[in-house]
Amino acid sequence: MSNNKTLDIIYTSDTHGHVYPIDYAGNRPCNASLLNIASEIKKDGNTLILDGGDSLQGTPLTQYYLSNADKYDYHPIAEAFNAMGLDFFTLGNHDFNFGYEVIRDYLNAMKAKCLCANVEDLGGELKLSKTAIVTLENGLRIGLSGVVTDWVNVWEQADNIAKTKVTDPVIAAKKALDEIKDKCDITVLIYHGGLEENPATGQKMSDTTENVGCKIAHEQDWDILLTGHQHIANEKFVIDNTFAVQPPAKAEKYISMHAETSDDGLLVTSKLVSTGDVHEETAYNKMLQLEEDVQRWLDIPIGSLKDPIDPEEKLYAALHGSRLAAIFNQTQLEWSGADFSCTSLGNDPLGLKKEVTIRDICAVYPFSNTVFVVEVTKKTIKESLERVASYFTLVDGNPQVSKEFLEPKIEHYNYDYYAGLDYEFDLTRPVGERVVKMLRLDGTELSDTDTYTLVTSNYRATGTGGYKAIGNSRVIRNSTEEMPDLLQEFIQKNSPLGDIVNSRIRIVY
């Protein structure tokens, strides 16, 4: 290893379509954006700009662009990354949400090289590499690879991944490391996935293989591991001599890392940098027409409510029911004709104004979920409701949100609201034994032998969030339209929309 040579890394991940410094839901400026990060980067011959994926989904801008791409002679995500001077990146699970051609067009527009060692291109049109070795201006040789969580195979619709094959990231990372480690001075793995252990204590946080960053660090000897996916800000941690980091989501902050080689080995330091309030001008101005088109589209009225819905505080809504969730569930029920529906809300308290626009729908349902109908039994519903009931804990006899839904990251979105059911939880009972009533809305008991239909999101239909019983259920059919589009149609059709009562929930404590 060469003496006293340095490498600087700027690393982003899970930027989720945040190109412009705009909070679209509130229609106000914000700093979180790729263009603002681009204005802050001072790149030289010993600096690498890297990204960990999940870039194509997450804002109204990306939603609008992907439906109207033919109108523009640029790709907004690629333009922003190109303005940053991005060198290498990997794909995230959400980048597969829109199918093969969208990934192909994105990769073609990027100046940076995509490293994804565990993605096999069955269509033959993707600009993908497994590894790269770059020599810095100072002569330091950097070996890089990238991998994505193979839970893409769990979450994604079959049509979207028909021309790609996502394999085990641990095996692919090991093979990539073996290929490059003797040819370089520093090895870097970009992993769109997170940590299954608490890096401070080593305590196992998950038994699934969704996140295997610690396994990679334990079993392989990468110098630097750049993680993502979990949206947990962690500016530095060391796992078995592998230096690892993770930035938060939405381009709010990025990692600035400095590595220096010496006779004593590799010294690495890093910090989280909050995105500033100045944007890069050239790309910003180039894409202003798209941004203006998005703003006009967002303000298109689609319908109205009889009464507005104030932002719903998370614990209160979980205890007493949610008017917003009732609308989501009724939308799913009317599309599917299913016996029951379940839905969840995002992490932030949200509501709807009396006059509803596309902007409002994008704010309350910011995900590109589709809708699945699965075949369930009474046992399936009971097990799933027990998972819902585990959201609560009692503190001095009063219900609070369980730490399981708050740590290591906040997961209010894993609390499900059901429709078509009259159900009751007794929080004084142990977790797993809290569902004490479960009837159809007409008061009839569920049969131990019959099967029923449950409509839910594609996310929940995979069993994600602790809902294995739903994930093990047979899929009957699914929508091709995304849930925000179904919501728009439902509100438009039923305006002015009054309160919807499609469930009864009682919580005893």
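Condition first: within 30 Å of Phe367 (Cβ to Cβ) and either in a loop (DSSP other than H, G, I, E, B) or within 30 Å of the chain's Cα centre (by Cα) (or both). Now tell me which residues in the range 436-451 satisfy that.
Within the range 436-451, the first condition is being within 30 Å of Phe367 (Cβ to Cβ), and the residues that meet it are 438, 440-441, 446, 451.
Within the range 436-451, Leu441, Leu446, Thr451 meet the criteria.
For the list (1) over 20 Å from Ser384 (Cα atoms); (2) outside any loop (DSSP other than H, G, I, E, B), I need the number of the one condition that Lys409 fails.
(2)
Determine if the range 296-303 includes at least one residue that is outside any helix (DSSP H, G or I), in contact (Cβ under 8 Å) with a residue 12 or more places away in the chain and more than 30 Å from Asp499 (Cα to Cα).
no
Looking at (1) among the charged types (D, E, K, R); (2) part of a helix (DSSP H, G or I); (3) touching a residue at least 40 places away in the same chain (Cβ under 8 Å), which one does Glu120 not meet, given that it meets all the others?
Looking at each condition in turn, Glu120 falls short on (2).
Taking the conditions exactly as written (farther than 30 Å from Thr449 by Cα, at pLDDT below 95, touching a strand residue (DSSP E or B) at 6+ places or on another chain (Cβ under 8 Å) and among the β-branched types (Val, Ile, Thr)), does Val371 satisfy them or not?
Numbers: farther than 30 Å from Thr449 by Cα: no; at pLDDT below 95: yes; touching a strand residue (DSSP E or B) at 6+ places or on another chain (Cβ under 8 Å): yes; among the β-branched types (Val, Ile, Thr): yes.
Against the criterion (farther than 30 Å from Thr449 by Cα, at pLDDT below 95, touching a strand residue (DSSP E or B) at 6+ places or on another chain (Cβ under 8 Å) and among the β-branched types (Val, Ile, Thr)), Val371 does not qualify.
From the list Arg429, Arg506, exactly one residue is part of a loop (DSSP other than H, G, I, E, B), under 25 Å from Asn398 (Cβ atoms) and more than 21 Å from the chain's Cα centre (by Cα). Which is it?
Within the list Arg429, Arg506, the selection yields Arg429.
Of (1) in a loop (DSSP other than H, G, I, E, B); (2) without any contact (Cβ under 8 Å) to a residue 60 or more places away in the chain, Thr480 satisfies all except one. Which?
(2)
Residue by residue through the range 60-73, note down the ones that are among the aromatic types (Phe, Trp, Tyr) and either in contact with a strand residue (DSSP E or B) (Cβ under 9 Å, 6 or more places away or on another chain) or surrounded by fewer than 16 Cβ atoms within 10 Å (Cβ to Cβ) (or both). It would help to see each step written out before you state the result.
Going residue by residue through the range 60-73, those that are among the aromatic types (Phe, Trp, Tyr) are 64-65, 72.
The answer is Tyr72, and nothing else.
Those residues that are part of a helix (DSSP H, G or I), crowded, with 22+ Cβ neighbours inside 10 Å and touching a residue at least 60 places away in the same chain (Cβ under 8 Å), I need them from the range 85-102; list them, please.
Listed by number, the residues that qualify are Asn93, His94, Phe96.
If you scan the range 32-45, which residues turn out to be over 20 Å from the mean Cα position of the chain (by Cα) and not in a helix (DSSP H, G or I)?
Of everything in the range 32-45, those that are over 20 Å from the mean Cα position of the chain (by Cα) and not in a helix (DSSP H, G or I) turn out to be Ile41, Lys42, Lys43, Asp44, Gly45.
Checking Ile255 against (1) aliphatic (A, V, I, L, M); (2) in contact (Cβ under 8 Å) with a residue 60 or more places away in the chain; (3) touching a Gly at 6+ places or on another chain (Cβ under 9 Å): exactly one of these is not met. Which one?
(3)
Residue check, Ala117 against (1) in contact with a Lys or Arg (Cβ under 7 Å, 6 or more places away or on another chain); (2) among the small types (Gly, Ala, Ser); (3) more than 17 Å from His229 (Cβ to Cβ), all met but one. Which one?
Checking Ala117 against (1) in contact with a Lys or Arg (Cβ under 7 Å, 6 or more places away or on another chain); (2) among the small types (Gly, Ala, Ser); (3) more than 17 Å from His229 (Cβ to Cβ), the one that fails is (3).
State all residues of the range 284-298 that are surrounded by 12 or more Cβ atoms within 10 Å (Cβ to Cβ) and acidic (Asp, Glu); if no residue qualifies, say none.
Listed by number, the residues that qualify are Glu291, Asp293.
Anything in the range 8-59 that is crowded, with 20+ Cβ neighbours inside 10 Å, more than 24 Å from Ile103 (Cα to Cα) and either in contact with a Leu (Cβ under 6 Å, 6 or more places away or on another chain) or not assigned by TED's automatic domain parsing to the domain that holds Asn97 (or both)? List them, or say none.
Ile9
Got a sec? Which of Ser495, Ser457 is surrounded by fewer than 19 Cβ atoms within 10 Å (Cβ to Cβ) and among the polar types (S, T, N, Q)? Step through it out loud before you land on a result.
Working: Ser457 fails: surrounded by fewer than 19 Cβ atoms within 10 Å (Cβ to Cβ).
It is Ser495.
Provide a single number: the residues in the range 276-295 that are in a loop (DSSP other than H, G, I, E, B) and not β-branched (Val, Ile, Thr).
Total satisfying the criteria: 5.
Among the numbered criteria (1) touching a Pro at 6+ places or on another chain (Cβ under 7 Å); (2) in a helix (DSSP H, G or I), which one does Asn153 miss?
Just one mismatch for Asn153, condition (1).
Go through the range 424-447 and give me each residue that's farther than 18 Å from Ala338 by Cα and either among the charged types (D, E, K, R) or surrounded by 14 or more Cβ atoms within 10 Å (Cβ to Cβ) (or both).
Filtering the range 424-447 for residues farther than 18 Å from Ala338 by Cα gives 424-437.
The answer is Glu424, Phe425, Asp426, Leu427, Arg429, Val431, Glu433, Arg434, Val435, Lys437.
Please verify whether Asn108 is part of a helix (DSSP H, G or I) and touching a His at 6+ places or on another chain (Cβ under 7 Å), treating the condition exactly as stated. Please lay out each step first, then the result.
Details: part of a helix (DSSP H, G or I): yes; touching a His at 6+ places or on another chain (Cβ under 7 Å): no.
Spelling it out, it is not the case that Asn108 is part of a helix (DSSP H, G or I) and touching a His at 6+ places or on another chain (Cβ under 7 Å).
Kindly provide the set of residues from the range 238-259 that are among the polar types (S, T, N, Q) and part of a strand (DSSP E or B), ordered by number.
Once the filter is applied, which keeps residues that are among the polar types (S, T, N, Q) and part of a strand (DSSP E or B), the range 238-259 yields Thr242, Gln246, Ser256.
Please go through (1) surrounded by fewer than 18 Cβ atoms within 10 Å (Cβ to Cβ); (2) more than 23 Å from Asn458 (Cβ to Cβ) for Gly346 and return the number of the only condition it doesn't satisfy.
It fails just one condition, (2).
Working carefully through the options Leu126, Leu144, find the one that is more than 27 Å from Ser457 (Cα to Cα), within 23 Å of the chain's Cα centre (by Cα) and surrounded by 20 or more Cβ atoms within 10 Å (Cβ to Cβ).
Unique residue meeting the criteria: Leu126.
The values are calculated or read from the model by the stated rules, or taken from the named source; none is laboratory data. Predicted model, so just to flag it, every value in this text is computed and none were measured. Counting neighbours? That spans all protein chains shown, and the Cβs are built from the backbone with ideal geometry, glycine included.
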